[in-house]
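**Q** Take this structure first; my questions come after.
The values are calculated or read from the model by the stated rules, or taken from the named source; none is laboratory data. Predicted model, so just to flag it, every value in this text is computed and none were measured. Here Cβ is always computed from backbone atoms with ideal geometry, including for glycine, and neighbour counts include all displayed protein chains.
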Amino acid sequence: MPGGQEAAVDPGSTAATSTAGTTSREDSTAEGATQAKWSYQSNPFIPRDVAEIVVVRHGETTWNRENRMQGQTESDLSDAGRAQARALAARFASGYLPFAAAYSSDLRRAAETAEVVVDAVGMRGEEVLRLKGLRERSLGVLEGLIRDEALRKHPEAYLTLASKDWSQPIPGGRAWRTCMGESQQLSITLQRSILARECSL
């Protein structure tokens, strides 16, 4: 996909990775966007006909401010979160490479962040494809609770969340390992869809 990028707004991640396999960054902030522009446009060792996937975390939510556990429960962006989305959009609009497609979780906080960003780079907000598969991990019985409250009401579930055992699901929720497997499969599906679309142009 010459000169194009795929954007995905994901609730839990701030990594951007070149599809050429040459770079992996954990910064989708303004500084990271500047670095991405330089590396893609100026580095002679990066092919010009590759797509770069940019993954952006949603802005701060009202529940983030309250230290309340979200999981897959809806929580709206706070004023600060909307300002964060506008700041990132402004950086993308100031010279970042154009986006060919945009994907988002179907949760409001992610979709709203995505719409602000794509509007700034010349796409329409309705062009954002909202996918349930891009939701963050379900936290089951912990969702909606402040962390201290979660530890008091559901100590075993909270300790499971804090555990390094990725195979252990939270009661009513998901295990990290399950989520990662589903994310990898979704990534493969999206890549195939992107390639099929671009090859038909």
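**Q** Please pick out the residue among Ser138, Ser183, Ser163 that is more than 20 Å from Arg65 (Cα to Cα) and under 21 Å from the mean Cα position of the chain (by Cα).
**A** Ser183
**Q** Pick out the one residue from Ala101, Ala110 that is buried (at least 18 other Cβ atoms within 10 Å of the Cβ), in contact with a Pro (Cβ under 9 Å, 6 or more places away or on another chain) and hydrophobic (A, V, I, L, M, F, W, C).
**A** Ala110
**Q** Return the pairs, sorted by first residue and then second, in which the second residue is outside any helix (DSSP H, G or I) and of a type outside the set (S, T, N, Q), the first residue lies in region 171-197 and is free of Cβ contacts under 8 Å to residues at least 24 places away in the same chain and over 17 Å from Ser105 (Cα atoms), the beta carbons are less than 6 Å apart, and the residues are 6+ apart or on different chains.
**A** Ala175/Pro169; Arg177/Trp166
**Q** While we're on this one: Scan region 120-132 and give yes if some residue there is assigned to a helix (DSSP H, G or I), within 23 Å of the chain's Cα centre (by Cα) and of a type outside the set (D, E, K, R), otherwise no.
**A** So far as region 120-132 goes, yes, one or more of its residues are assigned to a helix (DSSP H, G or I), within 23 Å of the chain's Cα centre (by Cα) and of a type outside the set (D, E, K, R).
**Q** Still on this structure: Could you identify the single residue in Leu88, Leu77 that is surrounded by 14 or more Cβ atoms within 10 Å (Cβ to Cβ) and either at pLDDT below 95 or out of contact with any helix residue (DSSP H, G or I) (no Cβ under 9 Å at 6 or more places or on another chain) (or both)?
**A** Just one listed residue meets the conditions, Leu88.
**Q** State the number of residues belonging to region 97-119 that are at pLDDT 85 or above and either in a loop (DSSP other than H, G, I, E, B) or farther than 21 Å from Ala83 by Cβ (or both).
**A** So the count comes out to 3.
**Q** Same structure again: Of everything in region 133-159 that's touching a helix residue (DSSP H, G or I) at 6+ places or on another chain (Cβ under 6 Å) and either β-branched (Val, Ile, Thr) or not in a helix (DSSP H, G or I) (or both), which residue is nearest to Gln185 (Cα to Cα)?
**A** The extreme case among them is Arg137.
**Q** Determine which single condition Gly71 fails, assuming it passes every other condition in (1) surrounded by fewer than 19 Cβ atoms within 10 Å (Cβ to Cβ); (2) at positive phi.
**A** (1)
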